[in-house]
Each structure stands twice: as C-alpha cells, then as structure tokens.
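Colleague: A single structure is presented below for examination.
The values are calculated or read from the model by the stated rules, or taken from the named source; none is laboratory data. Keep in mind that this is a model prediction, so the values were computed, not measured. Backbone-built Cβ (ideal geometry, glycine too); neighbour counts: all protein chains shown.
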C-alpha cells in the first residue's frame, strides 16, 4: 500500500497504530465503531492496490490490526465488509449533493454546485471513489446494487431540481437517466485511468452538455405500433460454418448467464456446442475471446446501421434511423446487448475501454455528416453522449427488457440532436418515421408527461 493513500477513515498506513490498548475504552460501541472504520479504510486501500478479487480477509486483518474473531463479529465475509463501506461512502456523497441542492443560489446555480461538490469528493478521495464506482462491479450484484440505487436517488433529486429551473417543465425519467449516465461515464472513465485530476476542469463543458437537453415539447414515442417480437433463437447462418463465430456467440451467451468472472472455458464450449480443444484452436484464453466478442459485436453494430444511414439524404434523419437500427440489433442479439451494456463492467478496465471506443466510434459515425452543416461535437460531448446511451440501455437490459429496446430509439435520437438543433426540431425528427420527417402534432407544445 502507498504511504500517502488516504481513505475517508484516515491514512491507510497508520491503521494499526490507531488500535486502542486493551481495557482503555469504556464505551464498547465506540470501540466497535473504531474497529469497523479501520476495516473500512483497509478494504479501500486493498482494493486500490490489489483490486477486489485479489483482496482477502487476511489482507484486511493485516492492514487494520483487527483480529479475525472481531472481523467475523461484525461481518459475514469480505463482500459484507465491502458492501458496508460502500454504503457509508455513497451515503456521504448523496448527502453532499443534497446539501448543495438545498443550499444558496438560484435554481440553476444549486445543481451546478452539487455537481462540483460531487467532483470534489472524487478528487479528494480517489481510492474510495474507485472502490465504489469501479471495483463494485467486480463484487457482483451485491456490490452493484447500492450504486444503482444511488443513481436512482440522484435521478429523483435531479427531477426535483429540474422542476425549479425556468422553461424546463417535467423531465422524463429516461432523459434524466441519460444525463446521469453521461456524467457517470465521464467520471468512471477518468477514475478507471487514474485521471480524476482532470475532472474539475471538465465541469464547465459537462454542465453545458447536461443543460443542453430541455424537456421535449411532446412525448417521445415511436410512431405507429411497435411489435415487440421474441429474438430469433440460435446463431445466424454464417456462424454455422465458423467454429470461431460459434465460440464468440457461446462466450456472450455464457457471460450473460453467469457473469464474466464466473464464466469458464467449459461454459463457453457448452454454450457454443464445441469442444474445449476447438475453443483453444481459435483463442488463447477467455480474455482473448472477450476481445474478439467486442470486436465482432462492434463490427456487426456498424454493419447494421451503415446501409440505412448512408441512404438517408438528411443527416438528422440518418441519426434517427441509426439509433433505430442499433436498438433493433441489440434487441435481436440479447447476449451481445448484455455483454456491451452490463457484463462488460465485470471484465476489467481494458475491456471497458474497448467498449467505450466502440461507442464513441458509433456516435461519431452517426454525427459525422453534421460537420458539413457547421456542427462539430467535441470529444467530451461524444463521450458523454455515448455514456447516456449506455445508461439508458443498461437499465433496459438489466431489467430483462432487452426485446423492448426499440421503444427507446426516440430518446436516444433526441439526446443526439437536441443540443444542436433545439428541442422542437429534435422531437419532430425523433418521432418521425421512414426516410422523411413527419409534421409535428398539431396544437400547442406542452411539457411531456409520459414516456416512450
């Protein structure tokens, strides 16, 4: 452990020195709390130096100076300790955000102050932030659930804050989830690469991006009746002739079922209906298959959207068609959808970086033709927009509603277009159909009250 590693409970290197001498504490509850805090500091430090998977209870005992018996009096296992520390840190972060939202300043200044306060916490305590926002995925559902719950709560706070901003009206939950997801992706990426010191300097552009999404003037619903069909079972015909493609699809299916860390080569071979020997003829390891699955799914996504996009004369319509094709592809490929939107977070930083590159490439491809009209999104805007898409699709896939992802295409289109062409036109394009724009619904504009 680094001697300078700080945690919310003090310097990780001095934990053993803080032990109370036997019999010195007359307050048993205070003593238990002190031991608990040393263990919390120890798990933050161990996750920072080793990662969650490699951390053991023995590591925590050695760093904290707490006895094994005392540890098991307070926690069932390592995961229980991780979850307790995580919830304390999340509670402090939400408290800081809520305090700024209820503080001084006008309706616009308070939400920005809340974002700045959250960024300050991350920069001041990067090891703790990495444990909560990065290592929690390695801890599985138990580790992820508090983060998801916290994001839901932040969306509630954001909805209340947005209602006080003039001309914002009632903001759809998907819109807030997308904005939250975009901010989260930028923060997550900086923490993942140990570049959190950049975050304060990004706040002005991030804030401008977040504020560029006014409430849609009409409900963002896909026109016509959407027939949600069950995905076609089995691999596409070309995979029948390629053991490598069967292995890639078997990999995605096995990971969707068990999660990346728990998936074995035997699981992949069984899902692909191949032998393990055949698997090793094409891949060196599970990690190699992961990279191949990301390459394959990314290439297939681009292949799915480009023919329709290139045939559209208007780049705005092309953007909407592109998102419809993306949602249709993911709905028809639930294993790939799960890999890209959910399971990737348990696969480690290299895989997440690769997935993020795919997202930025796809968004850049859709928005590229806009350059001819003078519109030029910055790299940070593309990064945040890709994060917004992941945030919205994550929720749908996580809840087992992958087949219904096409319903979200209007929201994704609105996200991409509203900052550049305004709410009214973006809503018109998002809710049009075919290769042309339909006229907006007659009647006065009204705040959106429903979701797609």
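Colleague: Please pick out the residue among 185, 125 that is surrounded by 20 or more Cβ atoms within 10 Å (Cβ to Cβ) and in contact with a strand residue (DSSP E or B) (Cβ under 9 Å, 6 or more places away or on another chain).
Modeller: When all the criteria are applied, what remains is 125.
Colleague: So for the stretch 95-104 (the condition being within 24 Å of residue 216 (Cβ to Cβ), at pLDDT below 90 and not assigned by TED's automatic domain parsing to the domain that holds residue 352), does at least one residue qualify?
Modeller: So far as the stretch 95-104 goes, yes, one or more of its residues are within 24 Å of residue 216 (Cβ to Cβ), at pLDDT below 90 and not assigned by TED's automatic domain parsing to the domain that holds residue 352.
Colleague: Shifting gears a bit: Residue check, residue 55 against (1) part of a loop (DSSP other than H, G, I, E, B); (2) surrounded by fewer than 17 Cβ atoms within 10 Å (Cβ to Cβ), all met but one. Which one?
Modeller: Of the numbered conditions (1) part of a loop (DSSP other than H, G, I, E, B); (2) surrounded by fewer than 17 Cβ atoms within 10 Å (Cβ to Cβ), the odd one out for residue 55 is (2).
Colleague: Among (1) more than 21 Å from residue 10 (Cα to Cα); (2) without any contact (Cβ under 8 Å) to a residue 24 or more places away in the chain; (3) assigned to a helix (DSSP H, G or I), which single condition is residue 103 missing?
Modeller: The failed condition is (3).
Colleague: Taking residue 62 as the residue in question, decide whether it is more than 30 Å from residue 156 (Cα to Cα), surrounded by fewer than 21 Cβ atoms within 10 Å (Cβ to Cβ) and out of contact with any helix residue (DSSP H, G or I) (no Cβ under 9 Å at 6 or more places or on another chain).
Modeller: no
Colleague: May I pose another question? If you check residue 305 against the conditions, is it more than 20 Å from the chain's Cα centre (by Cα), over 21 Å from residue 249 (Cα atoms), surrounded by 15 or more Cβ atoms within 10 Å (Cβ to Cβ) and at pLDDT below 95?
Modeller: Here the answer is no, as residue 305 does not meet what is asked.
Colleague: Could you list all residues from the stretch 330-365 that are more than 20 Å from the chain's Cα centre (by Cα) and closer than 19 Å to residue 407 by Cα?
Modeller: Residue satisfying the conditions is 332 alone.
Colleague: OK, next. Only one of (1) within 24 Å of residue 341 (Cα to Cα); (2) crowded, with 20+ Cβ neighbours inside 10 Å; (3) modelled with pLDDT under 90 is not met by residue 162, so which one is it?
Modeller: It is condition (1) that residue 162 fails.
Colleague: Is it true that residue 158 is in a helix (DSSP H, G or I), within 23 Å of residue 259 (Cβ to Cβ), touching a residue at least 24 places away in the same chain (Cβ under 8 Å) and not assigned by TED's automatic domain parsing to the domain that holds residue 396?
Modeller: Against the criterion (in a helix (DSSP H, G or I), within 23 Å of residue 259 (Cβ to Cβ), touching a residue at least 24 places away in the same chain (Cβ under 8 Å) and not assigned by TED's automatic domain parsing to the domain that holds residue 396), residue 158 does not qualify.
Colleague: Related question: So residue 320 fits all but one of (1) surrounded by 24 or more Cβ atoms within 10 Å (Cβ to Cβ); (2) more than 25 Å from residue 399 (Cβ to Cβ); what number is the exception?
Modeller: Condition (2) is where residue 320 drops out.
Colleague: Let me ask something else. Before we move on, is residue 237 loosely packed, with under 12 Cβ neighbours inside 10 Å and at pLDDT 85 or above?
Modeller: Here the answer is no, as residue 237 does not meet what is asked.
Colleague: Tally up the residues in the stretch 262-285 that are over 30 Å from the mean Cα position of the chain (by Cα) and surrounded by fewer than 18 Cβ atoms within 10 Å (Cβ to Cβ), please.
Modeller: So the answer is 8.
Colleague: Still on this structure: Going residue by residue through the stretch 73-94, is there one that turns out to be closer than 14 Å to residue 161 by Cβ, under 24 Å from the mean Cα position of the chain (by Cα), touching a residue at least 40 places away in the same chain (Cβ under 8 Å) and not in a loop (DSSP other than H, G, I, E, B)?
Modeller: yes
Colleague: Quick one: residue 117 ticks every box in (1) in a helix (DSSP H, G or I); (2) outside the structural domain of residue 192 (by TED's automatic domain parsing) bar one, so which box is it?
Modeller: The number of the failed condition is (2).
Colleague: Would you point out which residue out of 364, 396 is at pLDDT 85 or above and part of a helix (DSSP H, G or I)?
Modeller: 396
Colleague: Does residue 84 satisfy the criteria of being closer than 27 Å to residue 343 by Cα, touching a strand residue (DSSP E or B) at 6+ places or on another chain (Cβ under 7 Å) and modelled with pLDDT of 95 or more?
Modeller: no
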